Amino acid sequence: MTQEDGDLDSLVRKRIRALRVAQGWSLEELAGRAHLSQSSLSRIENGRRRLALDQLVTLARALDTTLDQLVETATDDVVTSPTIDSVHNQMRWTIKASPGMSVVRQRMTEPPHENPARMRAHPGHEWLVVLSGTAVLMLGHSRIRLETNQAAEFPTMTPHAIGADSGPCEILGIFDRDARRGHQRDAGDGGAQRAPE
């Protein structure tokens, strides 16, 4: 067994135990769900029994996860450096676990466009959280006020614009692949009223 195999073996055992504990289950409860004896499960968790593929499949099912998730390796790349766009007052980084997803932190000082002709619409889905201040989300004909720590989720095919309400605000936006592409196409638009990209 290589060092890498040993590390994965140890990680899978720790993950089984952590998932069991997170569910609030005793060894006996998970063993019953996985059709194993309690002593077999204890030996699996403690590294005193070989991990068999059929048992891992059964344990993954019992823990409401998949075999792939149970055995996926931890990334060494935990810390990432965002790119800074000082022109648009944005910090942007991609979500490695979901290719195509990206996160943007943006400070806004201007109110959003309220004229539907100036709002944008494109394929995709967006989520945003207000980190500080109060933001306004124009969504179709609705004007939605979001206070600090409130969040919104919406399909981007609905015409939308985001801006500040009565003073600066800071938001964290999350974009799926299509929404990110839609904002990148509109990157030529100027002004702080632009929705985050």
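The values are calculated or read from the model by the stated rules, or taken from the named source; none is laboratory data. None of these values were measured; they are calculated from a predicted model. Cβ placement follows ideal geometry from the backbone for every residue including glycine, while neighbour counts extend to all protein chains displayed. Note: areas computed on protein heavy atoms with side chains; ligands, DNA, RNA excluded. Shrake-Rupley method; radii C 1.70, N 1.55, O 1.52, S 1.80 Å.
Leaving ligands and nucleic acids out of the surface, order ARG180, ARG43 by accessible area at 1.4 Å, largest first. Write out the running numbers ahead of the final one.
On the way: ARG180 50, ARG43 85 Å².
Heavy-atom accessible area, descending, gives ARG43, ARG180.
Evaluating 6.51 cos²θ - 1.76 cosθ + 1.60 at θ = phi - 60° for every residue in segment 107-122, the Karplus couplings come out as 9, 10, 10, 9, x, x, 5, 9, 7, x, 5, 9, 7, 10, 9, 6 Hz, glycine and proline recorded as x. Model label points for LEU172 and MET157, set 7 angstrom from Cα along the Cα-to-Cβ axis, are 2.9 nm apart.
Computed with every protein chain present, the accessible area of LEU67 is close to 50 Å² [probe 1.4 Å].
Ligands, DNA and RNA excluded, the heavy atoms of VAL104 present near 0 Å² of accessible surface to a 1.4 Å solvent probe.
Heavy-atom accessible surface of THR94, to the nearest 10 Å², is about 80 Å², with a 1.4 Å probe and all protein chains retained. Label sites at ARG120 and SER37, each approximated as a point 7 angstrom past Cα along Cα to Cβ, lie 6.2 nm apart.
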